[in-house]
2 protein chains.
Amino acid sequence: MPKIPDATIKRLSLYCKELRVLSNEGMEVVLSKDLANRLDLNPTQVRKDLSYFGKFGRRKRGYDVSELLANLSEILGITTDNKIGIFGLGNLGRALLNFKGFSVRGFYVAALFDVDPAKIGSTLFGKQCYALSDAQEIVKKEGIKIAVLAVPDGAAQDVMDVILGCGIKSILNFTQRHVVVPEDVMIRSVDFTDKLELLAYFSRSKSNGR
Amino acid sequence: MPKIPDATIKRLSLYCKELRVLSNEGMEVVLSKDLANRLDLNPTQVRKDLSYFGKFGRRKRGYDVSELLANLSEILGITTDNKIGIFGLGNLGRALLNFKGFSVRGFYVAALFDVDPAKIGSTLFGKQCYALSDAQEIVKKEGIKIAVLAVPDGAAQDVMDVILGCGIKSILNFTQRHVVVPEDVMIRSVDFTDKLELLAYFSRSKSNGR
DNA sequence: AATATTATGTGATATTATTCACTTAATTAA
DNA sequence: TTAATTAAGTGAATAATATCACATAATATT
């Protein structure tokens, strides 16, 4: 089996997202060229990326939108129920709890964790909140595979260690800290400051009349 | 002049972020090795990246944290005060209000906007909350150039229209909706579902023993 | 003061990712 | 039915990126 490039894997979810948009727009078929244009990529790259996983297109016709979306979803594991646990229930954690996008993509928030006694044992938006100290037990019981880290920055590494102690290997980090994890653990950080800086640059060049 | 790799540019803000953390921790000097470890990079890469812009380190000693941070900030153009307005004060809006990264990067939250009478006129985390209907006046008065859209998805386009009516040309969109804007407006959307999907893929291939 | 050590800076090299150039299959038109 | 066309699929070439290996400078030690 040929090794699939990291860069390819990262693009798969982009393709998924765009295919959902196309699907909403009522498009039934899409060409590698069109998909590439919409994502600012090279058509060859789109085809090559897809070719690592199979032959999804039809020559002279293109790719069937819903079929390709289904295939990529399958590859990305979006069809299976991915159970996630949210660690930290401040404003950010609660905002994420309200986020509809999880269920749309087959993600299920299975448990909440916090250290605040006022929250532990209570139910937030229909989800049970547990003590951080009980995480190992609950994670195992619920089969949670993905952790969402939404604690205050100062607690990031400590809570991270708890998460690792639960055997979770996939983490979505919403803190601003760069937490250290073992090599077999995948951590992705959500950071929008790069976009902020870009917008700042844009608004500045706007007002300069450039 | 040697061409600076795109990958290097993208890492500069990572370095900035980590240097700010180091600065907060009271570190005055940092080694390329340490910076690399904290960011999960190779020390050589850190040095090479920095070397495109100059010689900031001292052999046998390392890099002066605040000096390097100042240099990188200069390079990235993070200097002027950018005034932003937050539209929508649900959990997400409040989470953003708490977000320290704004001020650290020279962004200043100048006003909050909502439609909830209970919030209008009140002060949240030291910031004044105004009625959405007063946005035009306040935006002009405060000189707000960037809008953060954090309203419920259903209200996205309506509030977007209000924002546009204020003459704001730079928008950071936290809703899941695809909002329509004129061509001279820059909108950046914050979406982490691609990362979620990547994590799902990873956790699945893990359990398959791949 | 001389020597050893350590960490930066960097040309050379290895690795990884992208694009080219072409083949193949499906469709359309003659 | 045959030829022309079009778009996917793909090995090979190119380009971009990361790492190695070592020269260089600063500091510490003897």
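The values are calculated or read from the model by the stated rules, or taken from the named source; none is laboratory data. A quick note: this is a predicted structure, and the numbers were derived from the prediction, not measured. Cβ placement follows ideal geometry from the backbone for every residue including glycine, while neighbour counts extend to all protein chains displayed. The accessibility values were calculated without ligands, DNA or RNA, using every heavy atom of the protein model including side chains. Shrake-Rupley method; radii C 1.70, N 1.55, O 1.52, S 1.80 Å.
If you filter region B:1-14 down to residues that are in contact (Cβ under 8 Å) with a residue 24 or more places away in the chain and more than 12 Å from DNA strand C (Cβ to nearest atom), you find that the one that is least open to solvent (accessible area, probe 1.4 Å) is B:12. Taking the conditions (1) away from DNA strand C (no atom under 13 Å from the Cβ); (2) within 14 Å of another protein chain (Cβ to nearest Cβ); (3) of a type in the set (Val, Ile, Thr) in turn, residue A:30 satisfies each one other than (2).
Quick check on residue B:85: is it more than 16 Å from DNA strand C (Cβ to nearest atom), buried (at least 20 other Cβ atoms within 10 Å of the Cβ) and not in a helix (DSSP H, G or I)? For residue B:85, the condition - more than 16 Å from DNA strand C (Cβ to nearest atom), buried (at least 20 other Cβ atoms within 10 Å of the Cβ) and not in a helix (DSSP H, G or I) - is met. Can you work out which of the residues in region A:93-132 that are open to solvent by 80 Å² or more (accessible area, probe 1.4 Å) and of a type in the set (Ser, Thr, Tyr) is farthest from the chain's Cα centre (by Cα)? Per the stated criteria, the residue is A:123.
Are any of the residues in region A:96-117 within 16 Å of DNA strand D (Cβ to nearest atom) and not in a loop (DSSP other than H, G, I, E, B)? Checking region A:96-117: not a single residue is within 16 Å of DNA strand D (Cβ to nearest atom) and not in a loop (DSSP other than H, G, I, E, B). Which residues, taken from region B:33-78, are more than 10 Å from DNA strand C (Cβ to nearest atom), within 14 Å of chain A (Cβ to nearest Cβ) and more than 23 Å from residue A:196 (Cα to Cα)? Passing the criteria: B:37, B:38, B:40, B:41. Taking the conditions exactly as written (under 30 Å from residue B:149 (Cβ atoms), in a helix (DSSP H, G or I) and aromatic (Phe, Trp, Tyr)), does residue B:15 satisfy them or not? It is true that residue B:15 is under 30 Å from residue B:149 (Cβ atoms), in a helix (DSSP H, G or I) and aromatic (Phe, Trp, Tyr). Residues that are touching a Ser or Thr at 6+ places or on another chain (Cβ under 6 Å) and more than 8 Å from DNA strand D (Cβ to nearest atom) within region B:31-50 comprise B:43, B:46, listed in sequence order. The residues in region A:51-78 that are within 9 Å of DNA strand D (Cβ to nearest atom) and of a type in the set (S, T, N, Q) can be counted, and the count is 1. When the residues of region B:155-207 are filtered to those that are within 7 Å of chain A (Cβ to nearest Cβ) and of a type in the set (Gly, Ala, Ser), the one that is nearest to residue A:98 (Cα to Cα) is B:200. One residue alone among B:135, B:156 is open to solvent by less than 50 Å² (accessible area, probe 1.4 Å), assigned to a helix (DSSP H, G or I) and touching a Lys or Arg at 6+ places or on another chain (Cβ under 8 Å), and that residue is B:156. When region A:165-189 is filtered for residues that are open to solvent by 50 Å² or more (accessible area, probe 1.4 Å), under 14 Å from residue B:14 (Cβ atoms) and not in a strand (DSSP E or B), the ones remaining, listed by number, are A:177, A:178.
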